[in-house]
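Trainee: Provided herewith is a single structure, encoded as structure tokens, for subsequent inquiry.
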Amino acid sequence: MSKTIVAIIGCGTIANSAHIPAYLANPDAEIKYFCDIRKEMAEKAVEKHDCGEAIEDYHIILEDPEVEAVSICTPNHVHASIAIDCLRAGKHVLCEKPAARTYAEALEMQKVQHETGKTLNIGVVNRFNKGVNLIKNMIDDGELGELYHVYVSFRSHRSIPGLGGDFTTKAVAGGGALIDWGVHFLDIVMYCAGDPQPKTVTGQAYSKLGKDMQNYAYLNMWAGPPNFSGTYDVDDFVTAMIRTEGPSITMNGAWAQNIGVDEMYIDFLGDKAGIRLQYGSDFTIYSAKHGALIESTPKFTKSDMFQNEIDSFLACVKSDEKLPAHIDYVIQSSKIIEAIYQSSDQGEEISFVKQGVVQ
């Protein structure tokens, strides 16, 4: 089979740390274009990897019939428009998470995917994580019994990214800690629980510690340095409860909090057993048998989930297989995240049942 010709749109951190190395490691892929509105970023990628052409206008990619697949690694506010343009140009698309800033944008992406029939996967990379898939298999096989509740904690002491930049500007990112970190945690829960339909959502999002940018204390800042003349209008703490047709879900998350504890875990509570997954790491199973409490930590061969994600995307470009990261499955998280923000703004519970929403 001939190699799949690929273009990278957006040459920032996630492209350089994950997408580009994974494509280069796959013998069936060839990167033809590195595209970034900051052309120097694209030129650095060409120089570093000794392949491809640096461009700043992604429309060149749309007009090139050789390009079959595109990775979109841009800021959130252009995910929808670029993905839609690529789909309509006949390209298969892997778009980084979140799918879009809003549920409406994600729905439009899904609509165009259905119209074109081209692949649209979202970068919910944990669906390609070996440990996460083991947990999903255990839940599917009934090893936890009835999965009745899931608790999520993703909180850090002081970890606001790029204060005053794209991450902290709602018009660009769509939100803060919830849409940036929370989307990964929520997606793991939805995936492992079988992507259940949400029924009601209540939540509260706070923008507190980063608002006084000049006096925000921190030890280090990813995506920095701070831009004190920029914008900070997103959430740095969020709490929510979600009722679904499956388990109930509660979550607490923070980019920044005045508690010096970092927690990144998910608790799956079943009536036969429970599992605590440490994000990006191992998991522990808790159960009881013959009157004794049992605790075990499975050992298994790990693999690079980003490599698995890219390899699977390239394979489905050739086979038309519908992967777990397909927009049809992932869009539930966009729906829930928007409902959490809506609940916070309105100060009331959001009911999909009352709205008659069936999507």
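Trainee: Only one of Leu323, Leu314 is assigned to a loop (DSSP other than H, G, I, E, B), touching a strand residue (DSSP E or B) at 6+ places or on another chain (Cβ under 8 Å) and under 27 Å from Ile179 (Cα atoms). Can you tell me which? Walk me through it before giving the result.
Mentor: Details: Leu314 fails: assigned to a loop (DSSP other than H, G, I, E, B).
Just one listed residue meets the conditions, Leu323.
Trainee: Could you list, in sequence order, the residues of the stretch 107-141 that are in contact with a Lys or Arg (Cβ under 8 Å, 6 or more places away or on another chain) and small (Gly, Ala, Ser)?
Mentor: Gly123, Gly131
Trainee: Let me ask something else about it. Looking at this structure, is Lys272 surrounded by fewer than 18 Cβ atoms within 10 Å (Cβ to Cβ) and closer than 18 Å to Asn137 by Cβ?
Mentor: Numbers: surrounded by fewer than 18 Cβ atoms within 10 Å (Cβ to Cβ): yes; closer than 18 Å to Asn137 by Cβ: yes.
Answer is yes for this residue.
Trainee: Let me ask another. Any idea which of (1) more than 30 Å from Gln204 (Cβ to Cβ); (2) part of a strand (DSSP E or B) is the one Asp267 doesn't satisfy?
Mentor: (1)
Trainee: Within the bounds of the stretch 308-317, is there any residue that is closer than 30 Å to Thr119 by Cα, free of Cβ contacts under 8 Å to residues at least 60 places away in the same chain, open to solvent by 30 Å² or more (accessible area, probe 1.4 Å) and hydrophobic (A, V, I, L, M, F, W, C)? Give the steps one after another, and end with the answer.
Mentor: The first filter runs over the stretch 308-317 and keeps only residues closer than 30 Å to Thr119 by Cα, leaving 308-317.
Within this subset, residues satisfying the condition of being free of Cβ contacts under 8 Å to residues at least 60 places away in the same chain are 315.
Retained after the next criterion (residues that are open to solvent by 30 Å² or more (accessible area, probe 1.4 Å)): 315.
Next cut, hydrophobic (A, V, I, L, M, F, W, C) only: 315.
Within the stretch 308-317 (the criterion being closer than 30 Å to Thr119 by Cα, free of Cβ contacts under 8 Å to residues at least 60 places away in the same chain, open to solvent by 30 Å² or more (accessible area, probe 1.4 Å) and hydrophobic (A, V, I, L, M, F, W, C)), the answer is yes, since at least one residue qualifies.
Trainee: Filter the stretch 108-136 down to the residues that are under 18 Å from Val78 (Cα atoms) and of a type in the set (A, V, I, L, M), then identify the one that is surrounded by the most Cβ atoms within 10 Å (Cβ to Cβ).
Mentor: Taking the candidates together, the pick is Ile122.
Trainee: Any chance you could count how many residues in the stretch 185-235 are open to solvent by less than 40 Å² (accessible area, probe 1.4 Å) and of a type in the set (S, T, N, Q)?
Mentor: Residues meeting the conditions: 2.
Trainee: Does the stretch 203-220 contain any residue that is farther than 26 Å from Ile139 by Cα, in contact with a Pro (Cβ under 7 Å, 6 or more places away or on another chain) and modelled with pLDDT of 95 or more?
Mentor: Residues of the stretch 203-220 that are farther than 26 Å from Ile139 by Cα, as a first pass: 203-220.
The next check asks that each one be in contact with a Pro (Cβ under 7 Å, 6 or more places away or on another chain); those that pass are 213.
Subsequent filtering for residues that are modelled with pLDDT of 95 or more retains 213.
Yes: the stretch 203-220 contains one or more residues that are farther than 26 Å from Ile139 by Cα, in contact with a Pro (Cβ under 7 Å, 6 or more places away or on another chain) and modelled with pLDDT of 95 or more.
Trainee: Cβ-Cβ distance below 6 Å, separation of 6 or more or different chains: which pairs start in the stretch 252-268 with a residue that is over 15 Å from Leu209 (Cβ atoms) and open to solvent by less than 60 Å² (accessible area, probe 1.4 Å) and end on one that is of a type in the set (Ser, Thr, Tyr) and part of a loop (DSSP other than H, G, I, E, B)?
Mentor: Met264/Tyr279
Trainee: Of the residues that sit in the stretch 66-88 and are touching a strand residue (DSSP E or B) at 6+ places or on another chain (Cβ under 9 Å) and part of a loop (DSSP other than H, G, I, E, B), which one is surrounded by the fewest Cβ atoms within 10 Å (Cβ to Cβ)?
Mentor: My answer is Glu66.
Trainee: What pairs come out if I take residues in the stretch 81-99 that are under 15 Å from Thr116 (Cα atoms) and small (Gly, Ala, Ser) and pair them with residues that are open to solvent by less than 10 Å² (accessible area, probe 1.4 Å) and in a helix (DSSP H, G or I) whose C-beta lies under 6 Å away, six or more apart or interchain?
Mentor: As it stands, the answer is Ala83/Met109, since those pairs meet every condition given.
Trainee: Continuing with this model, one more query. Restricting attention to the stretch 202-217, does a residue exist that is within 20 Å of the chain's Cα centre (by Cα), on the phi > 0 side of the Ramachandran plot and in contact (Cβ under 8 Å) with a residue 40 or more places away in the chain?
Mentor: From the stretch 202-217, those within 20 Å of the chain's Cα centre (by Cα) are 203, 205; that's our starting set.
The next check asks that each one be on the phi > 0 side of the Ramachandran plot; those that pass are none.
No, the stretch 202-217 contains no residue that is within 20 Å of the chain's Cα centre (by Cα), on the phi > 0 side of the Ramachandran plot and in contact (Cβ under 8 Å) with a residue 40 or more places away in the chain.
The values are calculated or read from the model by the stated rules, or taken from the named source; none is laboratory data. Bear in mind that the values here come from a model prediction, so they are computed numbers and not experimental data. Reconstructed Cβ throughout: ideal geometry from the backbone, glycine too, with neighbour counts over all protein chains shown. Heavy atoms of the whole protein, side chains included, go into the accessibility calculation; ligands, DNA and RNA do not. Shrake-Rupley method; radii C 1.70, N 1.55, O 1.52, S 1.80 Å.
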